[in-house]
1. Look through the stretch 197-246, keep the residues that are touching a Phe, Trp or Tyr at 6+ places or on another chain (Cβ under 7 Å) and open to solvent by 60 Å² or more (accessible area, probe 1.4 Å), and return whichever of them is farthest from Y41 (Cα to Cα).
2. State whether the residues of the stretch 126-143 include one that is at pLDDT 95 or above, surrounded by fewer than 21 Cβ atoms within 10 Å (Cβ to Cβ) and within 17 Å of the chain's Cα centre (by Cα).
3. Return yes when T200 is under 19 Å from the mean Cα position of the chain (by Cα), more than 18 Å from A133 (Cβ to Cβ) and of a type in the set (S, T, Y) and no when it is not.
4. Please pick out the residue among R56, R61, R50 that is modelled with pLDDT under 90 and either of a type in the set (S, T, N, Q) or under 30 Å from R163 (Cα atoms) (or both).
5. Filtering the stretch 36-67 down to residues that are more than 18 Å from the chain's Cα centre (by Cα) and assigned to a strand (DSSP E or B), which residue is surrounded by the fewest Cβ atoms within 10 Å (Cβ to Cβ)?
6. Kindly evaluate A20 against the criterion of being farther than 25 Å from G181 by Cβ, in a strand (DSSP E or B), of a type in the set (G, A, S) and modelled with pLDDT of 90 or more.
7. What tally of residues in the stretch 24-35 results from selecting those that are of a type outside the set (A, V, I, L, M), assigned to a strand (DSSP E or B) and open to solvent by 20 Å² or more (accessible area, probe 1.4 Å)?
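The values are calculated or read from the model by the stated rules, or taken from the named source; none is laboratory data. Note that the structure is predicted; figures quoted are calculated from it, not measured. Note: ideal-geometry Cβ built from the backbone for every residue, glycine included; neighbour counts use all protein chains shown. Heads up: the accessible areas ignore ligands, DNA and RNA and are worked out on the full protein's heavy atoms, side chains in. Shrake-Rupley method; radii C 1.70, N 1.55, O 1.52, S 1.80 Å.
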Amino acid sequence: MDDHIHNPRLRKKGCEGTQALIKSGKIITKKASNLRLDGAYVIGASSVDRVEGLERALALRVFVRSPDGIVWEGEQCVIGKDACSTSKYAKVISLNPGKYLLDVELLDETPGFELEVCVGLVPVEGGLLISGAKPSGKPRMSPAPGSTRSRSLMVGEPVRVGRVCVQRLWLWFFEPHAFRGRDIVARLERDGDVVYSISTGLFRVGIYSEIVIDVLTQRKGDKVMFLDPADLTRPLFITLTEGCDNDY
């Protein structure tokens with residue numbers, strides 16, 4: 001399983017999955033990384049950059065390949081202006097120890113839409129995934145400590161989707177004079193250790209920079225931290241997961 005040819009227009013580094021540049025209804029270029037995996041995973045966006053024209057959900061056909069061939073394929077809502085439904089986490093992939101490659105194809109041609117995205121396999125027992133710019137519908141969410149009128153972290157109630165426990169977080173900044181959305185770092189910590197970390201851009205929607213991030217963890221008390229990449233010593237927000245019961 002050879003990696004796809006690297007294209008210098010892809011700017012994000014360290015994508016553990018497939019990094020794709022989508023423009024004018026086509027995947028312009030992509031780069032896939034070999035992954036050593038073992039366990040249960042779900043598929044989704046683990047970073048985004050250069051988002052323009054995102055008006056509806058981005059759906060991809062995803063392939064997971066081993067040296068023996070395709071072990072899983074399916075259609076997946078990756079991100080959307082309104083966050084993808086948590087029902088997508090019902091698609092759990094169980095993988096035996098080995099080397100795998102994740103590849104993607106675009107399902108719908110959307111002219112005027114441009115996005116650079118890293119699509120990855122995230123372990124169900126502890127991970128972070130980007131689902132969109134703002135929550136869909138009217139979910140029950142409450143502000144985390146430190147929220148103000150100019151920036152806020154809204155925390156949803158945990159929900160169980162099959163084997164997966166999902167807690168949805170909505171981070172937004174009121175920035176009427178900003179040219180584009182800002183970048184943030186999000187970390188999931190457990191017992192003082194970083195379990196999962198992402199570095200991503202936020203979506204620019206009107207006068208807001210915002211993003212919906214889903215936390216996957218069964219555990220109560222895991223720490224989720226949002227940080228400014230320019231100052232990783234002072235978190236913008238910290239919240240604790242509520243978790244689901246530990247039995248599948």
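1. That would be I207.
2. yes
3. The answer is no for T200.
4. Exactly one of R56, R61, R50 is modelled with pLDDT under 90 and either of a type in the set (S, T, N, Q) or under 30 Å from R163 (Cα atoms) (or both), namely R56.
5. Only one residue fits best here, namely R36.
6. no
7. Final tally of qualifying residues: 4.
To keep it simple, each residue is scored yes or no on (1) open to solvent by 50 Å² or more (accessible area, probe 1.4 Å); (2) touching a strand residue (DSSP E or B) at 6+ places or on another chain (Cβ under 6 Å); (3) within 14 Å of I43 (Cβ to Cβ); (4) assigned to a strand (DSSP E or B).
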| position | (1), (2), (3), (4) |
| --- | --- |
| W72 | yes, yes, yes, yes |
| C77 | no, yes, yes, yes |
| C84 | no, yes, yes, no |
| N96 | yes, no, no, yes |
| K99 | yes, yes, no, yes |
| V104 | no, yes, yes, yes |
| G112 | yes, no, no, no |
